[in-house]
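Reviewing the structure listed below.
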Amino acid sequence: MSTRYRPPVQARVYVPAAGEAPDVELMPAGDVTEGVVRVGETIRRPHQPQSLAVGGYLDWLEDAGFDGSPRCLGRDTEGRDVLSFVPGRCAEALPEAWVQSEELLASVAGLVRRLHDASAGYVPQAHPFPPRAMPPSAVRPDPTDLICHLDVTPQNVVVREGLAAGLVDFDLAGPSTALRDSYNAAMHWVPLRAPADAWPGWERLDPYRRLRIFADAYGWDREERRRVPGLAIDAAALGYERMHHNAATLDGGWARMWAGGVGDLILRRRDWLEANAQRLEDALLG
Ligand SMILES: Nc1ncnc2c1ncn2[C@@H]1O[C@H](COP(=O)(O)OP(=O)(O)OP(=O)(O)O)[C@@H](O)[C@H]1O
Ligand SMILES: [Mg+2]
């Protein structure tokens, strides 16, 4: 258990450490959240509707002894969320060659597994997660039983000495299942995308081999491995609907991503997954 005194998340006010570095460093921009900055050993982010729910989850992870997530330090005098800075390096928007390491891929799977183990049993009380925007026609997902990250992209994993050491950006965290969250991480990290959409320098990687590495390192059992190709296709269909819905109903980044062609990219992924479902299953089970 933590020994640090922690007021409830909604009342937590960040008091700067004596002599805290006043310099502000702009963090690489993601797709949605604007104005993420580093101040000394902290990260400041705009306060969001899900911030208190995320704070409660980060407290739980801290108490569970999980060392791969930022600490929720409260809000600063400008009302921004304050999180501890997790030292290391994250990938750029177009992931660099060093991100291809198979050791790193396996360590991401291991980190997600540790997150899931630490998350087991967490039921948000004071601050539930706001329901995720869901188009009315959306494919019904499985019942949810685990609070998890749901956005384990290369830009949201902090790497130290070539291995995944931390997860940041819990904006999409909420109830789902371990299989969905781990599949989503694999999708981003293998990555599973149509060959035409490979990142520059990533064209020659073998997605089947990389998916198997992820599966072994996370520890999907045979039943889960059998389910993954079908779940992947469903996830692409749901992802397309959700993106479309968010682009139409939320502002800023979602509409920008849609205009940038993310919908077509997801459809090309879905087609590729459908065409190669058997090969994916063979790679997972062979
Ligand atoms: N707690 C942290 N410790 C270290 N680095 C961080 C932390 N939080 C964010 N960063 C860095 O800042 C970058 C942007 O922050 P973050 O991922 O939280 O926002 P975003 O990607 O802009 O948001 P969104 O994904 O919602 O658009 C990250 O990719 C990472 O490089
Ligand atoms: Mg991010």
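The values are calculated or read from the model by the stated rules, or taken from the named source; none is laboratory data. Bear in mind that the values here come from a model prediction, so they are computed numbers and not experimental data. Heads up, the Cβs are rebuilt from the backbone with ideal geometry, glycines too, and the neighbour counts pull from every protein chain shown. Note: areas computed on protein heavy atoms with side chains; ligands, DNA, RNA excluded. Shrake-Rupley method; radii C 1.70, N 1.55, O 1.52, S 1.80 Å.
Can you name the residue in segment 130-154 that is surrounded by fewer than 19 Cβ atoms within 10 Å (Cβ to Cβ) and modelled with pLDDT of 95 or more and, of all such residues, is farthest from the chain's Cα centre (by Cα)? Talk me through it step by step, then tell me what you get.
Applying the first criterion (surrounded by fewer than 19 Cβ atoms within 10 Å (Cβ to Cβ)) to segment 130-154 yields 130-146, 150.
When the remaining residues are screened for being modelled with pLDDT of 95 or more, the result is 146, 150.
On the way: LEU146: 14, LEU150: 5 Å.
Per the stated criteria, the residue is LEU146.
Taking segment 7-44, which residues are open to solvent by 30 Å² or more (accessible area, probe 1.4 Å), outside any loop (DSSP other than H, G, I, E, B) and not β-branched (Val, Ile, Thr)?
Listed by number, the residues that qualify are GLN10, ALA11, GLU25, LEU26, ARG38.
Take ARG160 and decide whether it is modelled with pLDDT of 95 or more, farther than 26 Å from TRP254 by Cα and either out of contact with any Gly (no Cβ under 9 Å at 6 or more places or on another chain) or more than 16 Å from ligand 1 (Cβ to nearest atom) (or both). Working first, answer last.
Values: modelled with pLDDT of 95 or more: yes; farther than 26 Å from TRP254 by Cα: yes; either out of contact with any Gly (no Cβ under 9 Å at 6 or more places or on another chain) or more than 16 Å from ligand 1 (Cβ to nearest atom) (or both): no.
So ARG160 does not fit the description; no.
Just to be sure, is LEU58 at pLDDT 95 or above, open to solvent by less than 60 Å² (accessible area, probe 1.4 Å) and touching a Leu at 6+ places or on another chain (Cβ under 8 Å)? Steps first, answer last, please.
Working: at pLDDT 95 or above: yes; open to solvent by less than 60 Å² (accessible area, probe 1.4 Å): yes; touching a Leu at 6+ places or on another chain (Cβ under 8 Å): yes.
So LEU58 fits the description; yes.
Taking the options VAL158, VAL112, VAL190, name whichever one is open to solvent by less than 10 Å² (accessible area, probe 1.4 Å), over 20 Å from GLY68 (Cβ atoms) and outside the structural domain of VAL37 (by TED's automatic domain parsing). Before you say what the answer is, go through the steps one by one.
Numbers: VAL158 fails: over 20 Å from GLY68 (Cβ atoms); VAL112 fails: over 20 Å from GLY68 (Cβ atoms).
Answer to the check: VAL190.
Being within 16 Å of ligand 2 (Cβ to nearest atom), open to solvent by less than 30 Å² (accessible area, probe 1.4 Å) and touching a residue at least 24 places away in the same chain (Cβ under 8 Å) is the requirement here; does VAL168 meet it?
Numbers: within 16 Å of ligand 2 (Cβ to nearest atom): yes; open to solvent by less than 30 Å² (accessible area, probe 1.4 Å): no; touching a residue at least 24 places away in the same chain (Cβ under 8 Å): yes.
So VAL168 does not fit the description; no.
Could you say whether any residue in segment 45-57 is without any contact (Cβ under 8 Å) to a residue 60 or more places away in the chain, in a loop (DSSP other than H, G, I, E, B), within 12 Å of ligand 1 (Cβ to nearest atom) and not assigned by TED's automatic domain parsing to the domain that holds ARG209? Give the derivation first.
Let us first name the residues in segment 45-57 that are without any contact (Cβ under 8 Å) to a residue 60 or more places away in the chain, namely 45-47, 51.
This time we only want the ones that are in a loop (DSSP other than H, G, I, E, B), so: 46-47.
Okay, now just the ones that are also within 12 Å of ligand 1 (Cβ to nearest atom), so 46.
Among the residues that remain, those that are also not assigned by TED's automatic domain parsing to the domain that holds ARG209 are: 46.
The answer is yes; a qualifying residue exists.
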